[in-house]
Amino acid sequence: MRWLLFLPLLILLALFALSNMQEVQLRLWPFDLAWAAPLGVAVLILSGIGFLVGAVLAWAAGLPGRRRAREMAAAAKLVEAELAVLKAQEARARHEGAPAPMTLTLPAGR
């Protein structure tokens with residue numbers, strides 16, 4: 001399925017690079033650096049660099065959400081373990097015929 005989306009884009013990028021073969025010089029202003037390359041190649045390389053920068057920024061922006069998801073998963077495990085203990089206490093109390101004690105222990109700091 002990915003190839004159906006990726007292949008036309010790849011063909012379009014190759015046609016762009018082949019259609020723009022004029023030589024251009026790219027200069028970095030404060031330094032005396034210059035790079036001569038075909039226009040299509042220069043645009044594709046600079047676009048790739050921009051994509052990578054955007055991908056890194058998007059990844060960094062998602063870090064707090066992923067950290068919160070890990071914390072929530074850990075909290076859910078604690079709650080599930082506590083529920084299992086309470087269910088075991090209730091089953092044991094029903095088996096013995098006495099009412100189940102309703103004790104609830106919360107983790108420290110909450």
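Points to keep in mind about this one:
- Residue in the stretch 38-45 that is closer than 22 Å to ALA14 by Cα and outside any helix (DSSP H, G or I) present: yes
- The condition of being assigned to a helix (DSSP H, G or I) and among the aromatic types (Phe, Trp, Tyr) does not hold for PHE31.
Coordinate-derived values only; no laboratory data. Bear in mind the structure is a predicted one, so any value in this text is a computation, not a measurement.
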